[in-house]
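Undergrad: Structure provided below as structure tokens; questions to follow.
The values are calculated or read from the model by the stated rules, or taken from the named source; none is laboratory data. Please read all numbers here as calculations on a predicted model, not as lab measurements. Cβ coordinates were reconstructed from backbone atoms using ideal geometry, including for glycine residues, and neighbour counts include every protein chain displayed. When the accessible area is computed, the model is the full protein with side chains, heavy atoms only, and any ligands, DNA or RNA have been set aside. Shrake-Rupley method; radii C 1.70, N 1.55, O 1.52, S 1.80 Å.
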Amino acid sequence: MSHFPKYLLLVTILSLLHALLPQCRASATPNNDQQQEQQFQTLQTNPSFFNPRVPLSSSKRFEGSSDLVNLKYHMGPVLSSPINIYLIWYGKWSQDHKLTIKDFLHSISDSRAASPSVADWWRTVSLYTDQTGANISRSVSIAGEYADTRYSHGNALTRLSVQQVIATAVRSKPFPVDHRNGIYLVLTAGDVTMEDYCRAVCGFHYFTFPSMVGYTLPYAWIGNSGRQCPEVCAYPFAVPAYMAGGGPGELSPPNRDVGIDGMISVIGHELAELSSNPLVNAWYAGEDPTAPTEIGDLCEGLYGSGGGGGYIGQVMKDREGKTFNLNGRNGRKFLVQWIWSPVLKACAGPNAID
């Protein structure tokens, strides 16, 4: 059943609350010489303006989300060998945007960043094993890039045509077919639409059909929502208009770009699920492999301790007010959702304070 009627109900409830309750704005905390560069901040500070039992992340916008939480292993493979990421830049991309995303991907295997780091976050993902006991690899690298600046398959893609995008890339001379260690990450520019984008998904992963590409290759697609639906796919850096005055407002993105910073969290979400369920027969909840609830879905909307029910949890902000929960290489900061831990049987992240 479509989630759209639930979304309308949520809009109605929040609109009524907004009309009945007084308006206010939280005052900023004065700076002083002793103030640390990074300070913890609870983002939903005044629950009287928002019912914490109505989660903002209930849109089910990621592939296969559901309310099931009984995560099981279904005997399929995980990505236990060193992971080679092949990036497909579809559409027109600025070098700055590419660099920000690549810094996040490079940070997964870079242990030099200060804790809590992206590498610390990936350690939760690496706890998942296959039937031989082999863990998901901590070695993740960018092995190749391909720029499809001519929009070879148009600027309106479908779940099937995205495989044609991959086929075009792997048939190009500089882009290899790595069917042993490779995963293919299709990143679409802000002017490219996708089937069910913004309405039902912000990203998804699957595997290519041999009839389309010639091989079975795990892949993920993520779009830049900055122009199309940032309030859906880049939350909490953008919030729906009906929430105006009903909460703390949108947060300041750590890399100053709502679309790219929102996209990075979705990339993390999909990479974690692609690594633990590459052929949709490994780690997921539910009995239907065509609509699995995976290790990212279980923690959608959670970024820190105390999260849930409309709270994203305790995260950090720097002196410029930019919000983050992970450190990366080259001094980068990112806000990335937590992942379900098979050890704790709960959502987990390295910035936990309890």
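Undergrad: How big is the charge dipole of the stretch 71-348 about its Cα centre, in debye rounded to the nearest 20, if each Lys and Arg gets +1 on its Cβ and each Asp and Glu gets -1 on its Cβ?
TA: Roughly 640 debye for the stretch 71-348.
Undergrad: Which GluC sites (Glu not before Pro) from the stretch 186-290 combine a DSSP loop assignment with at most 13 other Cβ atoms within 10 Å? Walk me through the numbers before you get to the answer.
TA: Working: sites: Glu195, Glu231, Glu250, Glu270, Glu273, Glu287; in loops: Glu195, Glu250, Glu287.
Sites meeting the loop and neighbour criteria: Glu287.
Undergrad: Ok, one more. In whole percent, how big is the carbon plus sulfur part of the accessible area of the stretch 71-348, probe 1.4 Å, protein atoms only? Don't jump to the answer; show the numbers that get you there.
TA: Details: 5110 of 10370 Å².
Here carbon and sulfur together make up 49 percent of the probe-accessible area.
Undergrad: Skip the ligands, DNA and RNA, and give the accessible area per residue of the stretch 71-348 with a 1.4 Å probe, whole Å². Let's see the in-between values first.
TA: Details: 10370 Å² over 278 residues.
Accessible area per residue, the stretch 71-348: 37 Å².
Undergrad: Note down the net charge around Asp191, summing +1 for each Lys or Arg and -1 for each Asp or Glu among other residues with Cβ under 12 Å from its Cβ. Walk me through the numbers before you get to the answer.
TA: On the way: positive: Lys92, Arg227; negative: none.
Net charge in that neighbourhood comes out at +2.
Undergrad: Determine, from the Cβ-Cβ distance of Phe209 and Asp288 and an R0 of 22 Å, the FRET efficiency 1/(1 + (r/R0)^6), rounded to the nearest 0.05. Don't jump to the answer; show the numbers that get you there.
TA: Details: r = 20 Å, r/R0 = 0.89.
Working from the Cβ atoms, E equals 0.65.
Undergrad: If a/c stays under 1.5 just call it rounded; otherwise compare a/b with b/c (prolate if a/b is bigger, oblate if not). Do that for the stretch 71-348, with a ≥ b ≥ c from the square roots of the Cα gyration tensor eigenvalues. Before the final figure, lay out each step's value.
TA: Details: a/c = 1.45, a/b = 1.16, b/c = 1.25.
In terms of gyration-tensor shape, rounded.
Undergrad: May I ask you to order 254-267, 336-349 by the average number of other C-beta atoms within 10 Å around their residues, highest value first?
TA: Ranked from most to least packed, the peptides come out as 254-267, 336-349.
Undergrad: For the cross-link pairs Lys173/Lys333; Lys317/Lys345; Lys72/Lys317, which exceed 32 Å when the distance is taken from alpha carbon to alpha carbon?
TA: Values: Lys173/Lys333 35 Å; Lys317/Lys345 28 Å; Lys72/Lys317 36 Å.
From Lys173/Lys333; Lys317/Lys345; Lys72/Lys317, over 32 Å: Lys173/Lys333; Lys72/Lys317.
Undergrad: Could you give the nm distance between label points at His74 and Asp96, where each point is 7 Å from its Cα heading toward the beta carbon?
TA: 4.3
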